[in-house]
Amino acid sequence: MAHEEIDKVTGVATTGHEWDGIKELNNPLPRWWLWVFYACIVFAIGYAFVYPAVPLVSSYSKGLLGHSQRASALAETQAGQAARAEVGKGLANASLDQIKNDPKMLEFAMAQGRAAFGDNCAPCHGSGATGSKGYPNLQDDDWLWGGTLTDIEHTITVGVRSTSPDTRMNDMPRFGEDGLLDAKQIRNVAGFVLSLSGSSVKGADVEAGKQIFAENCTSCHGEDAKGSHELGAPNLTDKVWLYGGDEASVINTITHAHRGVMPTWGGKLDPVTIKSLAIYVHDLGGGT
Amino acid sequence: MRVDENVTTGGDNYYAAAKKNYPAAVSGRLRTIKWSVLIITLGIYYFLPFIRWDRGPDAPGQAVLIDMAGRKAYFFGVEIWPQEVYYLTGLLVLASIALFLMNAVAGRIWCGYLCPQTVWTDLFFAVERWIEGDRRDRILMDRAPMSAGKFMRKSAKHVIWLLIAVGTGGAWVLYFGDAPTIVKDVFTGNAAPIVYIWIGILTFTTYSLAGFMREQVCLYMCPWPRIQAALTDEWALNVTYRTDRGEPRKSVRIGERAKAAGEAVGDCIDCKACVQVCPTGVDIREGLQLGCIQCGLCIDACDTVMHKVGREPGLIGYDTDMNIARRSEGKPPIYRIVRPRTVLYAALIVLIGGFMIYTLANRAFQGVSVLHDRNPLYVNLSDGGTRNGYTVRLINKRPHERHFALTVSGLPEGFTLEAQGVAAASGKPVVEVAADTTRELRVLVMVPNGIVLPASTPIEFYIVDTDNGEKASTSDFFKTAAPN
Ligand code: SF4
Ligand code: SF4
């Protein structure tokens, strides 16, 4: 340094800079501070060698440890799966009722069921399991094929009108399309069916409809029209309608019939997942 | 590169070596107070975790405990749940106002007497003096070449320092688990890795901060000096060299000659005892400065000197610059501890502390919170009724199992309430909640066909202890399809 000016008051050299008559003192850093700074530089260099750091043309430097976030995330996932398999083993051997009554297994089954529902069932039944027209609402107390734990497990396993040889299956005749009933008869029977749950169809002869119902529909829906879980026949006296409970919808259903399909999940999902799903769905709103 | 001890040079040096202080031993009134504070605070720190407190069979029996796994903090009869963590906020607010009050009364008194850095550094200095001797011996020994004796002494000092440091970290972990068990586990090698990691971290920080960094922590690392210096005012008592009395300083001999010649002579004999005892290496005679932590040791040193030369003590004392000015003008000094600022701080402390004690004393030992199902908001049932689902969490803060009857108000007669997996007694589900826990339940509320409700009806969930009638409630809504 060519010129060194010493400040009189402090005895410290100035940097030579001056602003409006104020001069900056050249007070050096404490030594330990500087060491920490150097240590950080050394650390950074070491870090760059040990961990991935430098972007290259088509890849990046892998580092001495070969560390990768992806690999450690995968390892963690695997560890998680292994841990789940432990509890899962317990589920495999337990009955649905046992699971329901064991808080630990129940918690696990509920979590797994919720996740599996979102992955597999939500596209049709909705993320809240409320279904939509043609897709049953699983939150309510109305069950086509039965709402007990075993019923639900069975329905999930074999599906409805699916490709499984054991599938749940029962088709409603196409009364209008196949000429089994004429338009007036359909109107009358629709009137009767709707009267059971307190609505009506304009211009329908309910008495005549009752007669037609007794001749054509009771084999599946029962004398009292309360349906049957064995046959998957809907209860026509309640206020829940899968394909709509208004005049036009009911007439349409009788004329063309609906044959909703649910895939078979047995084989696609493992039995433990299906158990968990049954527990979860049953817990949504209960059912018998 | 050799750096002269007394000159800070700029120029080509990129760093300045820290000047090592060799504070001399001192005794006196304030030193005694500092020893007492040291013994009391360290005593509390090391022994508090060993105090037992009976909370029943299911709760930990340690008086002061932060139970991370159980997510609770215990302080004697007080038990803090995570949702009550605002008590911690309250404590922090109290702590800062207490600091303001200390500042308004006596400047950076926290720094000088209570700060952990001060307390541990003081302890480390005591060890150093005990083994290496006082200021002169230490300076001479540091200059002397390494010898067997020097090596022995230095090693002994570092061993004891490290022992204290390990003890510091060791005591810290005792607050996070059962203290006697941890002590046993640490020595038998069975403690969790995190325990050893924390002991290691605090051993390192104590050893380096109290053993080597010392006053540099106060000067370069700690933000408090800046804040505290800004908080002090002209009424605050600060360790002050009474220039009005001390100047012009002259050694005893020169002073006598000057006095004989009729010249003015101050009481300061320029013996530098005050500088030699200062743990931060400050010359208090230059006035109040950042480096001064207000420990008062220079007061003790100067009082001893004054006693020896037969002059009045108090050449350095807790005083204000304002008083120095007043005395030089011949006016009497004024001391005013009680003034609006201190009264306000004290009142705030009493108010906030009182409020915290009041809320603690009246805190409910049960609670309920409710989360309404969002997807769907309501379910239409086959009989035409409507059902709403809720997730209800019941909280039992008592150390024994309790039974709560669960009800809902705000709905017309005829509704039903069902807590899944819970038996109902006389129409109300009675939920058992284990000691000191929360229990989550799915609750379904059903309104039958025929009752017409608006799209949203405000309702209230109640839980009532079936034994003593203590209750808690929270509000929510019952949703239906809007009537058309
Ligand atoms: S100047 Fe006095 S009060 Fe301040 S730090 Fe030094 S010895 Fe303590
Ligand atoms: S100890 Fe007292 S007399 Fe000695 S230099 Fe300090 S102020 Fe002056």
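Below is a table of values for the structure above.
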| quantity | calculated |
| --- | --- |
| Matching strands (runs of 3 or more DSSP E) fully within the stretch B:41-80 where at least 3 residues are of a type in the set (A, V, I, L, M) | B:64-67 |
| Residue satisfying all of: in the stretch B:454-463; open to solvent by less than 40 Å² (accessible area, probe 1.4 Å) and touching a residue at least 60 places away in the same chain (Cβ under 8 Å); nearest to B:Leu417 (Cα to Cα) among these | B:Phe461 |
| Hits in the stretch A:115-144 - residues which are open to solvent by 40 Å² or more (accessible area, probe 1.4 Å), assigned to a helix (DSSP H, G or I) and either away from every other protein chain (no Cβ under 12 Å) or touching a Lys or Arg at 6+ places or on another chain (Cβ under 7 Å) (or both) | A:Ala115, A:Asp119, A:Asn120, A:Pro123, A:Cys124 |
| Residue within the stretch B:236-258 that is more than 12 Å from ligand 1 (Cβ to nearest atom), charged (D, E, K, R) and under 29 Å from B:Phe100 (Cβ atoms) present | yes |
| The stretch A:12-50, residues that are open to solvent by 70 Å² or more (accessible area, probe 1.4 Å), in contact (Cβ under 8 Å) with a residue 12 or more places away in the chain and either hydrophobic (A, V, I, L, M, F, W, C) or more than 14 Å from chain B (Cβ to nearest Cβ) (or both) | A:Phe49 |
| Qualifying residue in the stretch A:79-97 (condition: under 30 Å from A:Gln112 (Cβ atoms) and within 14 Å of chain B (Cβ to nearest Cβ)) | yes |
| Condition met for A:Ala111 (within 14 Å of chain B (Cβ to nearest Cβ) and either in contact with a Ser or Thr (Cβ under 9 Å, 6 or more places away or on another chain) or assigned to a loop (DSSP other than H, G, I, E, B) (or both)) | yes |
| Per-region count, the stretch B:289-332, residues near ligand 1 (Cβ under 9 Å from one of its atoms) and farther than 19 Å from B:Asn21 by Cα | 1 |
| Matching residues in the stretch B:207-256 - criterion: being within 14 Å of chain A (Cβ to nearest Cβ) and in contact with a strand residue (DSSP E or B) (Cβ under 8 Å, 6 or more places away or on another chain) | B:Gln216, B:Tyr220 |
| Residue tally, condition within 17 Å of B:Ser369 (Cβ to Cβ), at pLDDT below 90 and of a type outside the set (D, E, K, R), over the stretch B:397-419 | 1 |
| Qualifying residue in the stretch A:66-81 (condition: touching a helix residue (DSSP H, G or I) at 6+ places or on another chain (Cβ under 6 Å), at pLDDT below 85 and farther than 22 Å from A:Gly285 by Cα) | no |
| Members of the stretch B:467-480 found to be away from chain A (no Cβ under 14 Å) and surrounded by 14 or more Cβ atoms within 10 Å (Cβ to Cβ), listed by number | B:Glu470, B:Lys471, B:Ala472, B:Ser473, B:Thr474, B:Asp476, B:Phe477, B:Phe478 |
| Qualifying position, being of a type in the set (Val, Ile, Thr), more than 13 Å from ligand 2 (Cβ to nearest atom) and either more than 14 Å from every other protein chain (Cβ to nearest Cβ) or open to solvent by 20 Å² or more (accessible area, probe 1.4 Å) (or both), among B:Ile293, B:Ile284 | B:Ile293 |
| In the stretch B:247-280, the residues that are away from ligand 2 (no atom under 14 Å from the Cβ), farther than 14 Å from B:Ile299 by Cβ and open to solvent by less than 60 Å² (accessible area, probe 1.4 Å) | B:Ala258, B:Thr280 |
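A quick yes/no check of all residues on (1) away from every other protein chain (no Cβ under 14 Å); (2) out of contact with any strand residue (DSSP E or B) (no Cβ under 8 Å at 6 or more places or on another chain):
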site	(1), (2)
A:Thr218	yes, yes
A:Gly222	yes, no
A:Leu231	yes, yes
A:Asp238	no, yes
A:Thr255	yes, yes
A:Trp265	yes, yes
A:Lys268	yes, yes
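Residue by residue, here is whether (1) surrounded by 21 or more Cβ atoms within 10 Å (Cβ to Cβ); (2) at pLDDT 90 or above; (3) out of contact with any Cys (no Cβ under 7 Å at 6 or more places or on another chain) holds:
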position: A:Val201; (1), (2), (3): yes, no, yes
position: A:Gln211; (1), (2), (3): no, yes, yes
position: A:Ala214; (1), (2), (3): no, yes, yes
position: A:Gly222; (1), (2), (3): no, yes, yes
position: A:Ala257; (1), (2), (3): no, yes, yes
position: A:Thr273; (1), (2), (3): yes, yes, yes
position: A:Ile279; (1), (2), (3): yes, yes, yes
position: A:Leu284; (1), (2), (3): yes, no, yes
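The values are calculated or read from the model by the stated rules, or taken from the named source; none is laboratory data. Because the structure is predicted, anything quoted here is derived from the model rather than measured. Here the Cβ is made from the backbone with ideal geometry for all residues, glycine too, and neighbour counts use every protein chain on show. Surface accessibility is based on the protein's heavy atoms, side chains included, excluding ligands, DNA and RNA. Shrake-Rupley method; radii C 1.70, N 1.55, O 1.52, S 1.80 Å.
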